[in-house]
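**Student:** Got a structure for you, written out below as structure tokens; questions coming shortly.
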């Protein structure tokens, strides 16, 4: 009976902890734009989620899984496409360090602009379904490229982000670049939209795992 009571107690404690970890993000203002912030207890690092063309949205390929990144132990700041990334990184660095940056689709183009001006400062970068050739041209060489994870669907049909660019980017970046290919999932609507292979629809758990493993 004592073991039975202990088992029930442990289950209740686990359920409570899970409920706390999956709480909704807090809406904050960063650089005059809204952002979603979630801070787990004792965060091991910070992670900024830079969206695609849709901006701050629960349909965005990265931001629809915001809570799942926080469960992995990251303090997460999901920003809008208009948000200035430098103030955003400073904001999150006051909560957890180091601060990593993950960008998807059109957000990767914003990262390319930061590379071009030499303003990108992060120990780890994640590029999801991005226009890698544009970033490659903007960087003017791989010397200043941080440790980078590229996540891409093998059947991405978006004309702006052909899978064929991935291997060329890997050759260019060398040992700094890790590639994680995805297959399957669902594919509906706009080929460059969040419900398509480009948007990694139906693969959120795999994306979260790949990013968490890389940054750990």
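**Student:** Please state which one of 43, 61 is surrounded by 18 or more Cβ atoms within 10 Å (Cβ to Cβ) and either without any contact (Cβ under 8 Å) to a residue 40 or more places away in the chain or within 29 Å of residue 190 (Cα to Cα) (or both).
**Tutor:** 61
**Student:** So, residue 178, is that one under 22 Å from residue 48 (Cα atoms) and part of a loop (DSSP other than H, G, I, E, B) or not?
**Tutor:** No, not satisfied.
Read the figures in this text as sums done on the coordinates, not as results from a lab. Worth saying up front: this structure is predicted, and the values here are computed from it rather than measured. Because the Cβ atoms are built from the backbone with ideal geometry, glycine has one as well, and the counts that use them run over all protein chains shown.
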